[in-house]
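Right, one structure below, let's go through it.
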Amino acid sequence: MNSQTHRIRVRYAETDQMAVAHHAAYVTWLEEARIAWMRSHGLSYRDIEASGTIMPVVEVQVAYQRPARFDDVLEFTTTAKATGPSRVVFSTVISRGGEQLANAAVTIAAVGKDGRPMRIPDEVKALFS
C-alpha cells in the first residue's frame, strides 16, 4: 500500500471561539499532507512544476465526524491513486489517537503552464499506480 502518515498540531489561530478547529483549516492541512506524501515517495512538487506540469486541486471533499481542538496532534494517513490519464485522488483519514475525525478526498489534475489539460508524466504516474 502507498500510504503515508503525517502529523499536524492544531494551532490556536486555526480554531474558533470554542477552541474547535475551523473547517477551512482542513484544506491547508490536506495540502501539507499531500506534499508530505509526495516527498515520502521521492517526488518534489517543485521539480514537477519546473518540468512544465502544474497539478492544481480540482475537487475537495471532507466528511467531518468529530471535532479537532486546539493543541490536538492529528494524524493524516494519505493514499494516492491515479484515476485517469491526468487525475490523481489523494484519500486521507484524519484521526487523533486512533479516533477517526474526518475523511477527505482531494483530486488534482495535470495541466501545462498554459492551463490546458495534459497527461501526468509517466515517471510521476508510476508512483500513483
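In this structure, the amide hydrogen of S86, modeled 1.01 Å from its nitrogen in the peptide plane, lies closer than 5 angstrom to those of I120, counting only residues at least 5 positions away or on a different chain. Every helix of 4 or more DSSP H residues in the chain counts as -39500 (n - 2.57), and over all residues that averages to -5500 deg cm²/dmol at 222 nm.
Computed from Cα positions, the angle between helix 25-40 and the longest principal axis of the chain comes to roughly 50 degrees.
Summarising the amide proton neighbourhood of L74: residues at separation of 5 or more, or on other chains, whose placed amide H is nearer than 5 Å comprise I8, R9, V10.
Residues M38, M118, M55 in ascending order of nearby Cβ atoms (within 10 Å, fewest first): M118, M55, M38. Taking a Cβ cut-off of under 12 Å around A110, the surrounding Lys, Arg, Asp and Glu residues balance to a net charge of +3, with basic ones at +1 and acidic ones at -1.
Rounded to the nearest 20, the Cβ-based charge dipole of region 4-128 about its Cα centre (Lys and Arg +1, Asp and Glu -1) stands at 180 debye. Between N2 and D16, the contour length at 0.36 nm per residue exceeds the alpha carbon distance by 1.6 nm. Whole-Hz Karplus values for region 43-57 come out as 9, 10, 4, 4, 5, 4, 5, 4, 7, x, 10, 9, 10, x, 6 Hz, taken residue by residue from phi with 6.51 cos²θ - 1.76 cosθ + 1.60 and θ = phi - 60°; glycine and proline positions read x. Each pair of Cα atoms in region 47-118 enters the Kirkwood radius, and Stokes-Einstein at 10 °C and 1.306 mPa s then converts it into a translational diffusion coefficient of 116 µm²/s.
All of the numbers you see were taken from the coordinates with simple rules; none came from a lab. Everything numeric in this text was worked out from a predicted model, so none of it was measured. No Cβ is skipped: glycine too gets one built from the backbone with ideal geometry, and neighbour counts run over all protein chains shown.
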